[in-house]
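The values are calculated or read from the model by the stated rules, or taken from the named source; none is laboratory data. Not measured: the values here are computed from a predicted model. Cβ sites come from the backbone with ideal geometry, for glycine too, and all protein chains shown count toward neighbours.
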Amino acid sequence: MASILFVDDDPLTLETLKRSVELFGHEALLANSAEQAQDLAANHQPDLILTDMNLPDMDGVSLVRALKATPGIAEIPIIMLSASPELDVSDIALTAGAEEYLSKPIRLQILQDVIARYTGD
């Protein structure tokens, strides 16, 4: 069982992602802001982090940079999520340190594949 931190300011998206990974047998941690995500990542050491690009207190790219600069968290794989159709957003996310960029909405099979690829579960 993997522990996965989801960061998104939309409660419905968080709940949907939580239910999805729980169906796969994983634990979901939920954060609706970058600040909350940093606290949860530091205190719970999740196996994988999926963050939205648009957050209320910090953009997702800045959050990725902050997490990748934090000892003990830097090695956690981060996947950037966005509904933005802009192609250059994926390059920015990868340059910031994200392992992958995925467009929302995410299909269940893709989510399951990403979890398996980065956690081995």
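Given the conditions (1) part of a loop (DSSP other than H, G, I, E, B); (2) buried (at least 17 other Cβ atoms within 10 Å of the Cβ), which single one is not true for I49?
Failed condition: (1).
Of the residues that sit in region 81-91 and are of a type in the set (A, V, I, L, M, F, W, C) and free of Cβ contacts under 8 Å to residues at least 60 places away in the same chain, which one is nearest to R107 (Cα to Cα)?
To start, the set of residues in region 81-91 that are of a type in the set (A, V, I, L, M, F, W, C) comprises 81, 83, 87, 89.
Still in the running and free of Cβ contacts under 8 Å to residues at least 60 places away in the same chain: 83, 87, 89.
Working: A83: 13, L87: 19, V89: 20 Å.
If we take residues in region 81-91 being of a type in the set (A, V, I, L, M, F, W, C) and free of Cβ contacts under 8 Å to residues at least 60 places away in the same chain, then A83 is nearest to R107 (Cα to Cα).
List, please: which pairs have Cβ atoms under 7 Å, are six or more places apart or on different chains, and start with a residue in region 67-80 that is within 19 Å of M53 (Cβ to Cβ) and acidic (D, E) and end with one that is at pLDDT 95 or above and not in a loop (DSSP other than H, G, I, E, B)?
Cβ pairs passing all conditions: none.
Conditions first: (1) surrounded by 15 or more Cβ atoms within 10 Å (Cβ to Cβ); (2) not charged (D, E, K, R); (3) not in a helix (DSSP H, G or I). G25 passes all but one, so which condition is the exception?
With respect to (1) surrounded by 15 or more Cβ atoms within 10 Å (Cβ to Cβ); (2) not charged (D, E, K, R); (3) not in a helix (DSSP H, G or I), G25 is out only on (1).
Check region 63-71 and report whether any residue there is under 15 Å from D9 (Cα atoms) and either assigned to a loop (DSSP other than H, G, I, E, B) or modelled with pLDDT of 95 or more (or both).
So in region 63-71, the residues under 15 Å from D9 (Cα atoms) come out as 63.
Now drop any that are not either assigned to a loop (DSSP other than H, G, I, E, B) or modelled with pLDDT of 95 or more (or both), which leaves 63.
Yes, region 63-71 contains a residue that is under 15 Å from D9 (Cα atoms) and either assigned to a loop (DSSP other than H, G, I, E, B) or modelled with pLDDT of 95 or more (or both).
Is it fair to say D8 is modelled with pLDDT under 95 and not basic (K, R)?
no
How many residues does region 86-108 contain that are surrounded by fewer than 17 Cβ atoms within 10 Å (Cβ to Cβ), in a loop (DSSP other than H, G, I, E, B) and touching a strand residue (DSSP E or B) at 6+ places or on another chain (Cβ under 8 Å)? Break it down into steps so the answer makes sense when it comes.
Of the residues in region 86-108, the ones surrounded by fewer than 17 Cβ atoms within 10 Å (Cβ to Cβ) are 86-88, 91, 94-95, 100, 103-105, 107-108.
Among the residues that remain, those that are also in a loop (DSSP other than H, G, I, E, B) are: 86-87, 104-105, 107.
Right, trim to touching a strand residue (DSSP E or B) at 6+ places or on another chain (Cβ under 8 Å) and you get 104.
The total comes to 1.
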